[in-house]
Each structure stands twice: as structure tokens, then as C-alpha cells.
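The values are calculated or read from the model by the stated rules, or taken from the named source; none is laboratory data. Predicted, not measured: the structure shown is a model, and the values here were computed from it. All Cβ positions, glycine included, derive from the backbone under ideal geometry; neighbour counts span all protein chains shown. Surface accessibility is based on the protein's heavy atoms, side chains included, excluding ligands, DNA and RNA. Shrake-Rupley method; radii C 1.70, N 1.55, O 1.52, S 1.80 Å.
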Amino acid sequence: MDRIETQPLNAATAARLDTLFRRYSTRVLGYARTQTRDNEAAQDVAAETWLRAGKRLHLLEAPDQAAFPWLRVIAQYAAIDYYRGYERPEDWTDAVASRALPAAASAEDAALPEPPAPAVVDPELVAALDALPEQDRTVVRLRMEGLTYDEIGQTYGRSDGAAYWRYRRALRTLAAVPALAG
């Protein structure tokens with residue numbers, strides 16, 4: 001278990017934090033679930049929210065009955081920081097190369113199909129793909145391999161929405177290439 005470095009609370013602060021926890025712990029956890037969509041991540045975010053609330057309780061001017069908006073903002077920033085902390089691969093080609101490939105059929109099981117005709121690749125398109133940022137280029141390649149946005153997001157520790165918008169941004173960039181426009 002990780003060691004949590006924090007200053008001890010005085011009795012009044014500890015009592016107020018306890019009151020807030022008893023009153024809002026379920027709501028904070030529920031809000032964290034809406035932010036993370038993952039039970040374990042929500043528990044981590046809620047725990048971080050309560051740690052931050054304990055450190056900043058002296059800043060809370062609202063009465064205990066009206067403290068949830070303050071806690072919700074702390075939970076929102078804790079969720080953002082939680083996802084920023086995910087380790088993302090530095091070299092995106094490793095993330096793609098580490099995917100398991102399906103087993104190939106043996107020669108006895110199936111006749112080999114005729115090889116496809118070589119594709120004509122426009123040098124402008126290749127240059128435009130190479131000009132994309134590495135993450136955008138990887139998302140485009142993964143989509144061309146048939147992965148869903150959810151699978152792409154899981155590949156690099158992001159949501160399916162983040163993968164979708166990265167793909168859309170890459171397509172907008174590629175749409176400006178004359179070879180594709182026309």
C-alpha cells in the first residue's frame with residue numbers, strides 16, 4: 001500500500017471532515033463513477049477527493065449542508081489528475097506491435113488465396129500521413145486495421161471519445177491533401 005504523506009488534522013477539522021464524509025461519501029463516489037465510468041477508478045478518485053478535502057478544509061466557508069458543490073469540484077479535478085497519471089506508451093509503434101495476431105491457418109486447412117493486386121500509393125498521401133503526429137498516425141493505422149474506438153482507447157489508456165476525436169482530427173488534416181480531395 002502506498003504511504004500517504006499528509007499533516008495531522010486538529011480535532012475540530014477531523015470532526016468536520018468526518019461529518020462531511022458521513023453526509024457526502026456516497027454522493028462523492030457516485031459523482032466519481034460518472035467521471036470515470038469504472039468502479040475501481042471511481043474509488044481511487046473518491047479517496048483522493050477526501051484526501052484533498054482534508055488538506056483544504058480550512059478553505060471551505062459554506063456550511064456543511066451546502067458543501068457538496070465544493071467537494072464535487074475537488075472530485076472533478078481529482079478525476080482529471082487520475083487520468084493524466086496513466087502511463088501512456090512513449091513509442092506508439094510498440095503499442096501496436098504488442099497486439100496479439102490471430103493464428104494463421106495451416107496449408108492443409110485452406111488453400112492460399114491469390115495475392116491482391118499491389119495498391120497504388122500516392123506519394124502525397126504517404127507524405128501527409130508521415131506529417132501527422134505519431135499518436136494521430138497510430139490511431140489512423142489502428143482504425144484501418146478494424147479496431148473500434150474503444151479498443152484504440154484501451155491501447156493507449158484513453159477513452160473511446162478521445163480516440164474518436166484524435167481520428168477525426170487526423171482525417172480533417174488528411175482531407176486537405178489534394179490527392180484525397182479529388
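Taken over the stretch 135-146, the criterion of being surrounded by 15 or more Cβ atoms within 10 Å (Cβ to Cβ) and not hydrophobic (A, V, I, L, M, F, W, C) is satisfied by GLN135, ASP136, ARG137, THR138, ARG141, ARG143. How about the stretch 164-178: which of its residues are open to solvent by less than 60 Å² (accessible area, probe 1.4 Å) and farther than 14 Å from PRO133 by Cβ? Once the filter is applied, which keeps residues that are open to solvent by less than 60 Å² (accessible area, probe 1.4 Å) and farther than 14 Å from PRO133 by Cβ, the stretch 164-178 yields only VAL177. May I ask you to verify whether VAL28 is within 30 Å of GLY161 (Cα to Cα), β-branched (Val, Ile, Thr) and open to solvent by 30 Å² or more (accessible area, probe 1.4 Å)? No. Just one of (1) farther than 20 Å from PRO123 by Cβ; (2) open to solvent by 70 Å² or more (accessible area, probe 1.4 Å); (3) among the hydroxyl-bearing types (Ser, Thr, Tyr) fails for TYR149. It is (2). Among the residues making up the stretch 38-66, those that are of a type in the set (Lys, Arg) and free of Cβ contacts under 8 Å to residues at least 40 places away in the same chain are ARG52, ARG56. The set of residues in the stretch 32-48 that are surrounded by 14 or more Cβ atoms within 10 Å (Cβ to Cβ) and not basic (Lys, Arg) comprises ALA32, GLN35, THR36, ALA41, ALA42, GLN43, ASP44, VAL45, ALA46, ALA47, GLU48. I'd like the residue in the stretch 1-48 that is more than 21 Å from the chain's Cα centre (by Cα) and farther than 24 Å from PRO63 by Cα and, out of all such residues, is modelled with the lowest pLDDT. Filtering the stretch 1-48 for residues that are more than 21 Å from the chain's Cα centre (by Cα) and farther than 24 Å from PRO63 by Cα, the one modelled with the lowest pLDDT comes out as MET1.
Listed by first and then second residue, the pairs with beta-carbon distance under 7 Å, at least 6 apart or on different chains, first residue in the stretch 153-166 and within 14 Å of TYR83 (Cα to Cα), second among the aromatic types (Phe, Trp, Tyr) and modelled with pLDDT of 85 or more, are ASP160/TYR149.
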